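Heads up, the thing below is written out as structure tokens.
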Amino acid sequence: MLFRTKTAMVSADEALPGRTDQTMPVPETHHVNGHPLQGPWPEGYQTAVFGLGCFWGAEKLFWETPGVYSTAVGYAGGYTPNPTYEEVCSGRTAHSEVVLVVFDPAVVTYEQLLTEFWEDHDPTQGMRQGNDRGSQYRSVIYTTDDEQQRVAEATKATFQDALSKSRYGEITTEIAPLGDFFYAEPYHQQYLAKNVNGYRCHAKTGISYPGV
């Protein structure tokens, strides 16, 4: 049957069924820093989840950020449990490609991570990022508590002002509480450390976030 374009969001009824009895295998350690890819995390550490286009380059941005303990790529924001990469790319899961960021708030604040997020992609592009088109490439911030939600919304407003002054359009970034996070396949984890010439495509506005 005919199916809607990959840039249109599917409903829960339209989404692929996925699998509830099978989870993705997860490497024990981070390929770059040797830290665990799954919790429990060190006491006092926090987590954040961001989507800003292809998760290969997005993950590299955050593992290189001082104060970040671990990173992992995965899928979130949709309906399909334990999806595969191919299923997410079909546009029939409603998931985004995202990065799980584990950080020490004594070294790097959530707002500082958001600065990296806003500056490293164009959050006005809707269901794409650069040459990559599809709902899985949409700009998203999935928050883990009310304070993250508040800070994310506040930084969005601040960055919108900066973008508007440079004649950019409205930010399309989805900001919502995190539901389930599903780890992506092992070969996607720290992909650009394993494939140094691997693909990375982010469209940047060149606008600096003025709040930090």
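Since every read-out is calculated from the coordinates, none of them should be taken as a lab result. Everything numeric here is computed off the predicted structure, so don't read it as measured data. Positions of Cβ are generated from backbone atoms using ideal geometry, with glycine treated the same way; all protein chains shown enter the neighbour counts.
Which loop-located chymotrypsin sites (Phe, Trp or Tyr not before Pro) does the stretch 1-55 contain, where loop means any DSSP state but H, G, I, E or B and the Cβ has at most 10 other Cβ atoms within 10 Å?
Numbers: sites: PHE3, TYR45, PHE50, PHE55; in loops: PHE3, TYR45.
Sparse-neighbourhood loop chymotrypsin sites (Phe, Trp or Tyr not before Pro): none present.
Report the extension gain between THR124 and ALA193 in nm, rounded to one decimal, defined as 0.36 nm multiplied by the number of residues separating them, less their alpha carbon distance.
Working it through step by step, the gained length comes to 22.0 nm.
With the dipole of the stretch 118-212 worked out from charges on the C-beta (+1 for Lys and Arg, -1 for Asp and Glu) around the Cα centre, which of ALA162, GLY198, THR144 lies farthest toward the positive end?
Positive-most Cα among the choices belongs to GLY198.
Enumerate the aspartates and glutamates that LYS60 could reach by cross-link, defined here as Cα to Cα under 12 Å, with residues fewer than 8 away along the same chain left out.
GLU116, ASP120
Please report, in debye to the nearest 20, how large the charge dipole of the stretch 33-132 is about its Cα centre when each Lys and Arg carries +1 at its beta carbon and each Asp and Glu carries -1 there.
I would put it at about 240 debye.
Expressed as a rounded percentage, what relative contact order does the stretch 62-168 have, with Cα pairs under 8 Å and six or more residues apart?
24 percent
How large is the charge dipole for the chain, taken about the Cα centre, if only the Cβ atoms of Lys, Arg (+1) and Asp, Glu (-1) carry charge, to the nearest 20 debye?
Computed charge dipole of the chain: roughly 780 debye.
Would you work out the relative contact order for the chain, in percent, from Cα pairs under 8 angstrom that are 6 or more residues apart?
Once divided by the residue count of the chain, the mean separation gives 29 percent.
First measure r as the distance between the Cβ atoms of TYR168 and GLU147, then evaluate 1/(1 + (r/R0)^6) with R0 = 35 Å and state the FRET efficiency to the nearest 0.05. Numbers along the way, then the final one.
On the way: r = 28 Å, r/R0 = 0.79.
It comes to 0.80.
Given the convex hull over the Cα atoms of the stretch 140-212, what projected area results after averaging over all orientations, in nm²?
About 6.8 nm², averaged over all directions.
Mind listing which GluC sites (Glu not before Pro) in the stretch 146-212 are in a DSSP loop and have 15 or fewer other Cβ atoms within 10 Å?
Answer in residue order: GLU170.
Please give me the summed charge of the neighbours of THR172: other residues whose Cβ is under 15 Å from its Cβ, Lys and Arg +1, Asp and Glu -1.
Net charge in that neighbourhood comes out at -1.
What's the FRET efficiency of GLU86 with ASP161 using the Cβ-Cβ distance as r and R₀ = 45 Å, to the nearest 0.05?
Numbers: r = 40 Å, r/R0 = 0.88.
Efficiency computed from Cβ-Cβ geometry: 0.70.
What FRET efficiency, computed as 1/(1 + (r/R0)^6) with R0 = 45 Å and r the Cβ-Cβ distance, is obtained for THR23 and GLU111, rounded to the nearest 0.05?
Working from the Cβ atoms, E equals 0.90.
What lysines could a cross-link reach from LYS165, if we take a straight Cα to Cα line under 23 Å and drop same-chain neighbours fewer than 8 places away?
LYS156, LYS204
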